[in-house]
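Here the structure comes first, spelled out in structure tokens, and everything after it is commentary.
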Amino acid sequence: MRCSILAIIAILSSTSVWSGVEVGWIEDISGNAADVDVVRNGKKIDAVRFLPIQNGDRVSVANNSPTKVTVSFGNGRNSDTIDKSHALTVKQTGEVPSVATNLMAWVVSLGKKEPQDQRVVMASTRTSSDSSNKLNIPLLPDETTLIAGKRPLALAWQGGKPPYEVTLVRRDTREVSARFSELNTTQIIKDVSLSPGVYELVVRDSASAAWREKVLAVEGGAIPEPPAELRALPENARRLLSASWLAGVEEGKWALEAYTQIALLANRNGAEENFLRALEAGQLPEVK
Amino acid sequence: MRLIVYFWKRLQSVGAVYELFLHMPLPGWLVAFLKGLHFRWKQLPLDTRGVCIGIAIALGMHVFHDLDSIRKLEDSGLDWMIKMNRGVPRMATSQLPPMTFIDIDERSYRHWGEPLTVPRDKLLSLIRYAVEGGASIIMVDVELSRLISPDDQALSAYLSGFHLASSAPPEILLARGLRYPLKGGSLFEQRPSFLDSVVLSNPHLHWAAPLYSLDDDGVIRHWRLWESTCYTEPVKGVRQVLALPSFQLLAATLLAGHEAASTLSTTLQAYLPASCDPVSDWKAHEEGALVSVGNLRFHARQEHLGQRILYGLPWHLKAAESYPIRQGWSESNHPVFTIKPAVTITEVAQLEAHSDLQGQVVVIGASYADSRDIYATPLSAMPGSMVIANSFFSFSYKGELEEYPWLKWLTEIVLIVLVAKVFAHLPGLAAKLVASALTLVLLLPISFLLFRSGVWLDFAIPLAAVEMHAMIGGIEKKLDQLND
């Protein structure tokens, strides 16, 4: 009997102290985040909401600042508020459960009236309007701008139900520059006449959904020139990098122009195809 | 507690019949037959009678071992054992990498504006974080069948090329959407996904089955290591049968290397039915053959005990508790399991290098209430991703739960003799109490010790056997009264 009890109790029990391990996060900063110092291994880190906090981090607030920081620990169960009068060096420890502690907890639970794991559930189903496959044109950011004149134009849209009807109409005169029906979600219009002014591009699908975008037509001189260093590159690299640069500048307003430049190429390579797909998905290159 | 309640309920139902027998008047022919039987029985020495009763009970238990009621008795014992081993550091000394659960929790869900489904741009951020953090295996427990928004294209593009940026890219396991067959077939159907072509073209992407068996009391106790599924090719409409390994099987195999993973795929093909249509002669899967892939061994047919998930990782630790430390993993002590809210990744623009995921197994999943992905387990209610994490640890640590038949028989023989002695020399209630205590004292420590090595020695069924022994004692007493 004694041996059996000893055998049960002999099963492990230990305490853990973690260092350099995430144990919480900044739950809230009330006041000026610049007044909060988070120091990790002697290096200062910018304090932002939800910043992970590790064991060993020191969190403090500058003297004379009214800012308060709340740090959550234990999966959000505990928290500590730090202000100018109270800095915190994080040191979370915990006892690793053992068979002995589990047994003890079980014995204690036998005397409890309330069930341990009872929880409330929602006995209902969920619903939404069908937003999947919704008609949209991510290729066109705000203030989309094109060069006026008689010119080709490439377009792409997503979702909706084919066939589509596409119309490009001048806002003030209601003059139609292009109108066509299309089964696919990409189209190259070989000949469009645009005079400087404001146009409206409308794509309608057969389910009566419509997407409208404002498009500006401007004189040719308004288009920004690519950086001079691109001119020295081989033809393939130059045209793709120039188009990427054009798509990224001025918050993407020239993205459709850049898209058209590459879409018109007869033999596009893989990188150029990827560029087109990214623009179609609304991903603009970053230009510094 | 459940174990006690279970025993009490069983005793109530069996006890009612037993009480009826003890108190009802019996017909004359039955009394005469029982008297004759009783006379012969009484000629035997007390100890011998006890041993005979014990052997009869043991044989009965073995013959009827597959009965649902006896299995449930065994399940109750195992549930209790799992509870007593909750969070204990048995995995800390294993060679398994630590695990991180990137949890789309209630806080993250609310901060993201309570979206109906997990936003794909956020999911992409979480996957990217795990990939750049150097995880070895990433299990994405989020269904990815339907196109929802333009963000899907970005996710698709990232998954196509994530492996090109590293010499040792991680393996990403994606939850396959599965649906019940409509036309009476027995195979789950794979739901087509916008990522099908991406997974086909990238050797570091894999589909995995997130299926588990739910018992009739609503508790997940058993895994399903792999599925025979039906896949309909979307363009030509051709239907084919495909093996789909579970998260835990695939992850454990991938940890053993790419070669093992391809062996797994070809090995499982041998156990598939010939077509998606319901067939009556599909035997291969039913024969219970042992499948070997690298160091892993498991049964093609899923055995009841072998399928048990040995939960060790609780979802919620109590205050002042922590997960065990993985010995010798990195310079700093690292817990075997970490839960990281998704919002601490997606909402922090300038995260510093997060190399603490280096080599780890990462699970990305949801625990917010509206996800409806929370299940009862022997430990407590936990999100589906925690069930996957526990299954992975359980399977990778010791594989299928084993039983040693020789040990079972040995303990049964010892117990039969001891319990017979006790019932021979003590009166009814005292004998029952002493025999029960003796059974627990002998079996529990061995059971605890073996459990840590993935071996199960049942103590619940022997306890029930003691109860039956006491009942038979009561019947003997009734027969004595008849003779008097």
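Filtered by the rule that a residue be open to solvent by 60 Å² or more (accessible area, probe 1.4 Å) and either touching a helix residue (DSSP H, G or I) at 6+ places or on another chain (Cβ under 6 Å) or not in a helix (DSSP H, G or I) (or both), region B:454-477 gives a lone residue, B:M468.
Out of region A:61-72, which residues are in contact with a Gly (Cβ under 9 Å, 6 or more places away or on another chain) and within 14 Å of another protein chain (Cβ to nearest Cβ)? Reasoning before the result, please.
Just the residues of region A:61-72 that are in contact with a Gly (Cβ under 9 Å, 6 or more places away or on another chain), to begin with: A:61, A:65-69, A:71-72.
Once the filter is applied, which keeps residues that are in contact with a Gly (Cβ under 9 Å, 6 or more places away or on another chain) and within 14 Å of another protein chain (Cβ to nearest Cβ), region A:61-72 yields A:V71, A:S72.
For B:E303, state whether it is more than 10 Å from every other protein chain (Cβ to nearest Cβ), over 19 Å from A:G76 (Cβ atoms), in a loop (DSSP other than H, G, I, E, B) and at pLDDT below 90. Yes, satisfied. Applying the criterion of being touching a Pro at 6+ places or on another chain (Cβ under 7 Å) and among the β-branched types (V, I, T) to the residues of region B:123-138, the residue that is surrounded by the most Cβ atoms within 10 Å (Cβ to Cβ) is B:I138. Here A:R119, A:R40, A:R49, A:R58 are screened, and the one residue that is more than 13 Å from chain B (Cβ to nearest Cβ) and not aliphatic (A, V, I, L, M) is A:R58. Of all residues in region A:141-156, those being within 14 Å of chain B (Cβ to nearest Cβ) and either open to solvent by 10 Å² or more (accessible area, probe 1.4 Å) or in contact with a Cys (Cβ under 7 Å, 6 or more places away or on another chain) (or both) number 1. Restricting region B:368-381 to residues that are within 10 Å of chain A (Cβ to nearest Cβ) and crowded, with 21+ Cβ neighbours inside 10 Å leaves a set whose member that is modelled with the highest pLDDT is B:T377.
Taking the criterion of being touching a Pro at 6+ places or on another chain (Cβ under 8 Å), open to solvent by 50 Å² or more (accessible area, probe 1.4 Å) and not hydrophobic (A, V, I, L, M, F, W, C), would at least one residue in region A:163-178 satisfy it? No, because not a single residue in region A:163-178 is touching a Pro at 6+ places or on another chain (Cβ under 8 Å), open to solvent by 50 Å² or more (accessible area, probe 1.4 Å) and not hydrophobic (A, V, I, L, M, F, W, C). Restricting attention to region A:241-275, the residues that are open to solvent by less than 30 Å² (accessible area, probe 1.4 Å) and away from chain B (no Cβ under 12 Å) total 18.
Somewhere in region A:178-190, is a residue in contact with an Asp or Glu (Cβ under 9 Å, 6 or more places away or on another chain), aliphatic (A, V, I, L, M) and at pLDDT below 90? Checking region A:178-190: at least one residue is in contact with an Asp or Glu (Cβ under 9 Å, 6 or more places away or on another chain), aliphatic (A, V, I, L, M) and at pLDDT below 90. Does B:L96 satisfy the criteria of being assigned to a helix (DSSP H, G or I) and in contact (Cβ under 8 Å) with a residue 12 or more places away in the chain? Considered against the rule, which asks whether it is assigned to a helix (DSSP H, G or I) and in contact (Cβ under 8 Å) with a residue 12 or more places away in the chain, B:L96 comes out as no. B:S108 meets all of the listed conditions (1) of a type in the set (S, T, Y); (2) surrounded by fewer than 17 Cβ atoms within 10 Å (Cβ to Cβ); (3) in contact with a strand residue (DSSP E or B) (Cβ under 6 Å, 6 or more places away or on another chain) but one, namely (2).
Of the residues that sit in region B:434-453 and are open to solvent by less than 20 Å² (accessible area, probe 1.4 Å) and over 23 Å from the mean Cα position of the chain (by Cα), which one is farthest from the other protein chains (Cβ to nearest Cβ)?
Applying the filter and picking the extreme gives B:A435.
The values are calculated or read from the model by the stated rules, or taken from the named source; none is laboratory data. Since we're looking at a predicted model, the values are computed, not measured. All Cβ positions, even for glycine, are placed from backbone atoms using ideal geometry, and neighbour counts span all protein chains on display. The accessibility values were calculated without ligands, DNA or RNA, using every heavy atom of the protein model including side chains. Shrake-Rupley method; radii C 1.70, N 1.55, O 1.52, S 1.80 Å.
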